[in-house]
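These notes concern the structure reproduced below.
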Amino acid sequence: MKTRYNLPCNIAQSLNIIGDRWSLLVVHEILNGQTQFNEIKKALPGISSNLLSERLKYLEKEGLIQTELYSDHPPRYCYTLTKSGEELDVVFNAFVIWGSHHLKKCYKKLIDAETGDEVEIAYYNQKTGQRIEKIKVIPVEEELQKTGEE
């Protein structure tokens, strides 16, 4: 895929990897257990075989999915997520929560599996484990200057 955003921004650089049409939906289907080409294609009506093949190759190149040959003749592959791909689950959950609050027609909501209550996203301090109410995004350079590294 072509680099679209030449910006020093995590969002822009992430979109360079997963922002192409169908890419996130392909990853989401694999996360949901659709691991073979035809399963993914069937789950995503409207995507062409060529485009799906292109997206799968690109996502593998970027380290989000991995392939495993399960049939030699003809060659057939199954697709699984790498750790990097699996970590997109929180992004999907954020989309589900956002959609449940803002879409005109809501299709899904995120709930506590035990109580059925809706959930929200929370942030925790990595050192203390305490929940954080206020967060701040800072450039990495600023963080490096604080620690005296450059």
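When segment 70-97 is limited to residues that are touching a Leu at 6+ places or on another chain (Cβ under 8 Å) and of a type in the set (Ser, Thr, Tyr), the one that is farthest from Leu24 (Cα to Cα) turns out to be Tyr77.
Taken over segment 7-25, the criterion of being part of a loop (DSSP other than H, G, I, E, B) and closer than 23 Å to Ser53 by Cβ is satisfied by Gly19, Asp20, Arg21, Trp22. The set of residues from segment 62-76 being at pLDDT below 95 and among the small types (Gly, Ala, Ser) comprises just one member, Ser71. Looking only at segment 24-63, filter to residues that are farther than 13 Å from Leu81 by Cα and among the small types (Gly, Ala, Ser); which one of those is surrounded by the most Cβ atoms within 10 Å (Cβ to Cβ)? Per the stated criteria, the residue is Ala43.
State whether the residues of segment 68-83 include one that is within 30 Å of Pro139 (Cα to Cα), in contact (Cβ under 8 Å) with a residue 60 or more places away in the chain and not assigned by TED's automatic domain parsing to the domain that holds Lys109. Full working, then the answer.
We begin by selecting, within segment 68-83, every residue within 30 Å of Pro139 (Cα to Cα); these are 81-83.
In the following step, the residues that additionally are in contact (Cβ under 8 Å) with a residue 60 or more places away in the chain were identified as none.
No, segment 68-83 has no match at all.
Residues that are touching a strand residue (DSSP E or B) at 6+ places or on another chain (Cβ under 8 Å), of a type in the set (Ser, Thr, Tyr) and in a loop (DSSP other than H, G, I, E, B) within segment 76-123 comprise just one, Thr82. Checked against (1) closer than 15 Å to Phe92 by Cα; (2) in contact with a helix residue (DSSP H, G or I) (Cβ under 7 Å, 6 or more places away or on another chain); (3) in a loop (DSSP other than H, G, I, E, B), His28 passes all but condition (3).
The values are calculated or read from the model by the stated rules, or taken from the named source; none is laboratory data. On a predicted model such as this, the values are computed, not experimentally measured, just so you know. Methodologically, a virtual Cβ is constructed for each residue, glycine included, from the backbone with ideal geometry; neighbour enumeration extends over all protein chains shown.
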